[in-house]
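Please treat every number below as a calculation from the coordinates, not as lab data. Predicted model, so just to flag it, every value in this text is computed and none were measured. Glycine gets a Cβ as well: all are built from the backbone with ideal geometry, and neighbour counts include every protein chain shown.
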Amino acid sequence: MDKIEYRAVIKFLTKEGVAPKDINDRLRAVYGVLAPSYATVKLWAKQFKWGRESLEDDPHTGRPIEATASDVVQKIEHHVHESSNERESVSSNVCSRWIPRTLNKSQKEERISAAHEFFELLEWNETDTFERIVTGEETWIHYYDPELKSQTMEWHKRGEPASKVPRKQIATKKVMASVFWDAKGILLVEFLPKNTTVTGYYYAKQIHRLRKAIREKLPGKKLYSPDLPPSDYFLFPNTKRYLKGKQYESEEEISNEIFNVWEDKDAEWFEGGIKALKHRYESVIRVHGDYFV
């Protein structure tokens, strides 16, 4: 059985709303031992459910496609210039913390203005505003990320020595995931193909696929990208907490684990992450447009 053939079957049945287990049973009934494994069926079903359209393997080698139009190059150069010195630290007599960059007066005023515009939208129709927000970011996911210190804590009687645990290092092997979601759940998930980078061309095609996913799943909604990404302060840290201390051998294992985490979450969980924007914009105003913890 050709892999494109079974992927086409999985895609069709997924769009009809058939569960992965039932898809697996039907493939087994027709193709027998030539059918793909249940893990493979489940992985592709989840990818098609969350926006994937292509039946082909992601490219693993070769030079990434580049956009060289002069106007695109100028925009990229401007972005690079604006993004320089992105990891500057702020010193105090307590400790230092990392911030994306030092904000000037104009940038702080822009953040305050965006916050006030956001609250105007909430006053007009809070429910509709939160429902229309679609946000997305990229994140690196390591094949092994050691447990948090809090995860290794154990009970001891008073006076007993603590156990000695060797320090473990984060795995160098990793994969980049692009995730777009809203107050109801995940809209689109894509894993960056190996040996490629997020170029302007790649991102443009990704946005096109996202718009298609929004049209299919959320008819009538428009794309709105908030200034303070809920992925960074809610979705990614809460998802990666489940991956701590676990070892993965392949991208397929990581993908399945992440999808399982999200499938266990109801709409209220995602809605809470989006609605936290209100508190964060309040903080922007409170600190006069500066960064906050």
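In table form, for the structure just shown:
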quantity	calculated
Gyration tensor (alpha-carbon) shape descriptor, the stretch 3-49, a/c threshold 1.5	prolate
Packing-based exposure ordering (other Cβ within 10 Å, fewest first) of 269, 124, 44	124, 269, 44
Residue exposure sequence - 283, 250 - by fewest surrounding Cβ within 10 Å	250, 283
Gained length - residue 19 relative to residue 122, 0.36 nm times residue gap less alpha-carbon distance	33.3 nm
Distance between modelled label sites at residue 28 and residue 238, nm, 7 Å Cα→Cβ extension	3.5 nm
Of 174/205; 105/212; 212/275; 3/212; 21/174, pairs whose Cα-Cα distance is over 32 Å	105/212
Additional length obtainable on full extension of the chain from residue 269 to residue 176, 0.36 nm per residue less Cα span	31.1 nm
